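Everything below concerns the one structure shown next.
The values are calculated or read from the model by the stated rules, or taken from the named source; none is laboratory data. Model, not experiment: these values are computed from the prediction. Don't worry about glycine lacking a Cβ; one is built from the backbone with ideal geometry, like all the others, and counts go over all protein chains shown.
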Amino acid sequence: MSNRENRLTGLILKGIGGFYYVKADTETGDSTLPGMVYECKARGVFRKNSVTPLVGDRVRLLIEENQSPVIEEILPRRNSLVRPPVANLDQLVLVAASCDPAPSTLVIDKIIAAAEDKGIAPVLVISKVDLEQAQWLREIYEPIGFPVIQVSSSTGEGVAEVRELLRGKITAFTGNSGVGKSTLLNQIDSRFCLETGEISKKLGRGRHTTRQVELLELEGGGYVADTPGFSAIQMERYDVVKKEQLPYCFREFEPYLGECRFPSCSHTCEKGCAVLEAVREGKISRSRHESYCALYQEVKDWKEWKK
Ligand SMILES: Nc1nc2c(ncn2[C@@H]2O[C@H](COP(=O)(O)OP(=O)(O)OP(=O)(O)O)[C@@H](O)[C@H]2O)c(=O)[nH]1
Ligand SMILES: [Mg+2]
Ligand SMILES: [Zn+2]
């Protein structure tokens, strides 16, 4: 290899205005400065094939003398999400405030379903428990088998537990604007210095203080992505789970699937539906089933609209 040209692999930490910031792998033998972050352009071919490099993508770089380093190739993805736009996640931490902004089980279930569909482990963090406990949320999600952590960035409760959970993994934080994602991340690692915002008193929700998706390196190893929060309206553009897949994205439905009277059962209203029976018996929580029905209608309508 000439000294004018160098190839190495790395991880996209962020993308802003057509530039990508790629952290070179430390193991890359020929890399001149392993661990360095390179400001890169992407090859035009990605745009033509409408493939957009994502934060979390592992990429191959070409570095030539007197030129911007170029992303030549996106290495195969393990998974990717539309919102937040990240690739290769080990887990998705969904932050819901106990209040202010008020939690929505539909929003929570929609995000969990999208994560399950992609094979990404969901974790529920209930924030602002200094204001309200929201024990009812824990009672819905813990029995299903999701890790639930109650956190307060004011008292420090639960912060160490979240820090431990992130160690050595690639994690993205998501949740409504103003739930306290950036505040919590600043507590997890004081070097982050992420911008946080007051909740708009008038609107009762955040004002999208965080504008970029960015992977941050954790002191104890691993990376975590802070992401801009969403409002209820933007939720419509979340990752869509196909109708056929939807029942499998509600993991507590699994024992009952295949037990319904009709093989084509949608588990929303049919006679002899084993899922509905489990809801009546209290084995499946009502709010989870309500979310399922709402999402089912959404994907069903979406398909009809497309025809
Ligand atoms: N009482 C209380 N307030 C908190 C807590 N965590 C965050 N806040 C406040 O909530 C507001 C929003 O916090 P951010 O961390 O900016 O929220 P965010 O989720 O990053 O919001 P976006 O970047 O817009 O998505 C700030 O005024 C914080 O001080 C908490 O645990 N308790
Ligand atoms: Mg933020
Ligand atoms: Zn059924």
Restricting attention to region 197-214, does a residue exist that is under 27 Å from residue 80 (Cβ atoms) and at pLDDT 95 or above? no
Condition broken by residue 135, with the remaining ones in (1) surrounded by 18 or more Cβ atoms within 10 Å (Cβ to Cβ); (2) closer than 16 Å to residue 96 by Cα satisfied: (1)
What's the total number of residues in region 174-198 that are out of contact with any helix residue (DSSP H, G or I) (no Cβ under 6 Å at 6 or more places or on another chain), hydroxyl-bearing (Ser, Thr, Tyr) and surrounded by 15 or more Cβ atoms within 10 Å (Cβ to Cβ)? 4
Mind checking whether some residue in region 45-66 is surrounded by 23 or more Cβ atoms within 10 Å (Cβ to Cβ), out of contact with any strand residue (DSSP E or B) (no Cβ under 6 Å at 6 or more places or on another chain), within 17 Å of residue 13 (Cα to Cα) and not assigned by TED's automatic domain parsing to the domain that holds residue 184? no
Residue hits (region 108-123; among the aliphatic types (A, V, I, L, M) and assigned to a strand (DSSP E or B)) are 121, 123
Which of the numbered conditions does residue 128 fail, given that it passes all the others? Conditions: (1) more than 26 Å from residue 250 (Cα to Cα); (2) more than 16 Å from ligand 1 (Cβ to nearest atom); (3) crowded, with 17+ Cβ neighbours inside 10 Å. (2)
Region 272-289, residues that are surrounded by 13 or more Cβ atoms within 10 Å (Cβ to Cβ) and more than 16 Å from residue 247 (Cβ to Cβ): 287
Could you grab me the full set of residues in region 147-173 that are assigned to a loop (DSSP other than H, G, I, E, B) and buried (at least 17 other Cβ atoms within 10 Å of the Cβ)? 151, 152, 153, 158
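Look through 254, 219, 277 and report the one residue that is assigned to a helix (DSSP H, G or I) and closer than 27 Å to residue 171 by Cα.
That would be 254, the only listed residue that is assigned to a helix (DSSP H, G or I) and closer than 27 Å to residue 171 by Cα.
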Members of region 60-83 that are out of contact with any Cys (no Cβ under 8 Å at 6 or more places or on another chain) and either hydroxyl-bearing (Ser, Thr, Tyr) or part of a strand (DSSP E or B) (or both): 60, 62, 63, 64, 72, 73, 74, 80, 81
Out of curiosity, is residue 126 touching a residue at least 40 places away in the same chain (Cβ under 8 Å), outside any loop (DSSP other than H, G, I, E, B) and either out of contact with any helix residue (DSSP H, G or I) (no Cβ under 7 Å at 6 or more places or on another chain) or in the same structural domain as residue 177 (by TED's automatic domain parsing) (or both)? no
